[in-house]
Amino acid sequence: MKSATPRYYHLDVEVGPEKVDQVGRIVAAHLRHWGLHFLVEPVCHCTQVLLRAVEEHGTDKETTVEMWWTGHHLITAVSDKDRDLPVPHYAPQGPLAQIAALSDGWGSCPAAVGKIIWFACRDRTPDHFPLAPVTPVPCVPESLEVPREESMAVLAGSPET
């Protein structure tokens with residue numbers, strides 16, 4: 001069962017051909033450990049797409065992969081030291097199109113050194129807890145005293161004559 005407890009994971013890696021698949025396995029293991037097995041396929045695919053793009057187009061292969069689980073959304077960010085997005089990223093079948101198709105949202109922003117590309121996947125599998133039938137508790141009817149009939153004089157506070 002997934003945890004509603006916020007989680008964070010950080011991995012620094014120098015991207016190479018063998019590292020892309022290795023990082024994918026590491027990300028998958030963390031998601032399963034967090035109980036987010038339903039997010040393994042899209043998150044690993046998007047992460048690997050970004051790492052392959054860094055491997056192919058990046059001048060510096062140092063990257064950072066970060067994941068935040070908020071209890072409702074998983075945000076994954078891949079940062080590298082190149083400032084600009086290569087033109088192939090914007091192609092109809094490029095990395096950004098793939099990420100847009102597999103995630104609920106994505107974006108990029110400049111970092112102190114380089115850029116960050118992030119994507120978010122929300123929890124689409126609500127926990128369904130079976131409702132236990134509530135057994136009615138027998139109750140004892142409370143008897144209330146019926147007010148006695150009093151004369152209007154007593155109720156008004158004047159003595160009867």
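The values are calculated or read from the model by the stated rules, or taken from the named source; none is laboratory data. Since we're looking at a predicted model, the values are computed, not measured. All Cβ positions, glycine included, derive from the backbone under ideal geometry; neighbour counts span all protein chains shown. With ligands, DNA and RNA removed, areas are computed over all heavy atoms of the protein, side chains included. Shrake-Rupley method; radii C 1.70, N 1.55, O 1.52, S 1.80 Å.
Gly105's amide H: which non-local residues (gap 5+, or another chain) put their own amide H closer than 5 Å, with H modeled 1.01 Å from N in plane and none for Pro or chain starts?
Those lying under 5 Å, H to H, from Gly105 are Ala120.
Let me cross-check Ile75: its accessible surface, 1.4 Å probe, with only protein heavy atoms counted, in Å² to the nearest 10?
Its heavy atoms expose roughly 50 Å² to the probe.
Please list, in chain and number order, the residues 5+ apart from Ile116 or on another chain whose amide H is under 5 Å from its amide H, with Hs placed from the backbone.
Amide H to amide H, under 5 Å and 5 or more residues apart or across chains, Ile116 pairs with Cys109, Ala111.
Shape of the range 1-73 from its Cα gyration tensor (a ≥ b ≥ c, root eigenvalues): rounded if a/c is under 1.5, otherwise prolate when a/b > b/c, or oblate?
prolate
For the residue pair Arg32 and His10, what label-to-label distance in nm results when each label sits 7 Å from Cα along the Cα-to-beta-carbon direction?
Distance between the two pseudo-spin positions: 2.6 nm.
Please work out the average accessible area per residue across the range 33-77, using the 1.4 Å probe convention, and give it in Å². Before the final figure, lay out the partial values.
Numbers: 1920 Å² over 45 residues.
Dividing the accessible area of the range 33-77 by its residue count gives 43 Å².
Mind running the shape call on the range 31-119? Use the C-alpha gyration tensor, a ≥ b ≥ c as the square roots of the eigenvalues: rounded below 1.5 for a/c, prolate if a/b tops b/c, oblate otherwise.
Judged from the Cα gyration tensor, the range 31-119 comes out prolate (a/c at least 1.5, a/b above b/c).
For Thr59, what accessible area in Å² do you get when you roll a 1.4 Å probe over the heavy atoms of the protein chains, rounding to the nearest 10?
About 120 Å², rounded to the nearest 10.
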